[in-house]
Amino acid sequence: MPNSKSDNIIAAQIAATAGHPGPIGVFDSGYGGLSVLRSLRKALPDADFMYLGDNARAPYGNRSFDLVYHFTLEAVKYLFARGCQLIILACNTASAKALRSIQQLDLPTLAPERRVLGVIRPTAEAVGEITHSESVGLVATPGTAASKSYDIELAKLHPSVKLYTHACPMWVPLVENLEYDKPGADYFVKYDLDALMSQSPAIDTIILGCTHYPLLLDKIRQFAPPSVNVVPQGEIVAKSLTDYLHRHPEIQELITQGGNTEYITTEEADKFSNLAQIFMGAPVEAKRVHDLSTGN
Ligand code: DGL
């Protein structure tokens, strides 16, 4: 648990790394953000990355706003203390429930020159350009769905788009428990897509509003109507980050360029490495951090 001593240690580490180039931090509650990391690495092959999965406390999707904010802030502080100057919250639930508070309330005192970005705004931006019928479906965790974050962003960016949302509480557990390609997953994917599509036959685009869902992509495409465009987030977020770095050379300069990725999990390292290899399509050797608040 955090206390003033561990807070001071983390604060001292953040101060010691201020202004020094470091890896891009990528954070998710568990494995899902790896689907974004894979696209980020493809788009920025020379950049260094540090991936953090809070597997010990996943899933976040059913947790309260306060708790998701608290967990996400701990993760951000940990990644800052490890030298990241830029962090992507590759988790819709954390982006929906914690990003704004961290950007507006914490960053100004914690590390005003560092940046924390999310995945919801770039996805909302891109999807408005993809839909023709202007009727878009969203599948997401209960937390992301209840936050209405996609509704808010779409209303600002593409006000004529109508959003139909359906929460899928079983999809993340199917992935985290390695059931995503098993017959049991068929039932839940079909059930939830039918529920989404029953809201409007005009839906021509479905946003996968959770970074775990690309592992279910084959089944989602199997059970979605063939005319519907299913949109995962990895490439969208990667393109958005590339554009952002072009517009912000001062942030680009703070990213080390060794082409390496470090993987950190709050759960058992071997278990993480085995599943992470499926997401990354390449060998992964993770390390464990037992307590994000102390960094040990
Ligand atoms: N992968 C995360 C997301 O994009 C969260 C899943 C969870 O922890 O419930 O929402």
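Taking ALA75, is it at pLDDT 95 or above, part of a helix (DSSP H, G or I) and in contact with a Leu (Cβ under 8 Å, 6 or more places away or on another chain)?
yes
Can you tell me which residues in segment 117-174 are among the hydrophobic types (A, V, I, L, M, F, W, C), over 25 Å from ALA58 (Cβ atoms), assigned to a helix (DSSP H, G or I) and in contact (Cβ under 8 Å) with a residue 24 or more places away in the chain?
Scanning segment 117-174 gives ALA126, VAL127, ILE130, LEU154, LEU157.
Identify, from the list LEU52, LEU37, LEU73, the residue that is touching a helix residue (DSSP H, G or I) at 6+ places or on another chain (Cβ under 8 Å), farther than 21 Å from THR294 by Cβ and not charged (D, E, K, R).
After applying the criteria, what remains is LEU37.
Consider LEU208 carefully, then state whether it is within 16 Å of the ligand (Cβ to nearest atom), at pLDDT below 95 and either more than 21 Å from THR141 (Cα to Cα) or crowded, with 22+ Cβ neighbours inside 10 Å (or both).
no
Against the definition (within 16 Å of the ligand (Cβ to nearest atom) and buried (at least 20 other Cβ atoms within 10 Å of the Cβ)), how does ILE278 come out, yes or no?
No; evaluated as a whole, the condition is false for this residue.
Can you confirm whether PHE65 is within 16 Å of the ligand (Cβ to nearest atom) and touching a residue at least 12 places away in the same chain (Cβ under 8 Å)?
Criteria met by PHE65.
Checking GLN103 against (1) polar (S, T, N, Q); (2) touching a residue at least 24 places away in the same chain (Cβ under 8 Å); (3) closer than 19 Å to VAL26 by Cα, which test does it fail?
(2)
Working only within segment 83-100, note down all residues that are in contact with a strand residue (DSSP E or B) (Cβ under 6 Å, 6 or more places away or on another chain) and either under 16 Å from GLY30 (Cβ atoms) or not in a helix (DSSP H, G or I) (or both).
Within segment 83-100, GLY83, CYS84, GLN85, LEU86, ILE87, ILE88, LEU89, ALA90, CYS91, ASN92, SER95 qualify.
The values are calculated or read from the model by the stated rules, or taken from the named source; none is laboratory data. Just so it is clear, the model here is predicted, and its values are computed rather than measured. Here the Cβ is made from the backbone with ideal geometry for all residues, glycine too, and neighbour counts use every protein chain on show.
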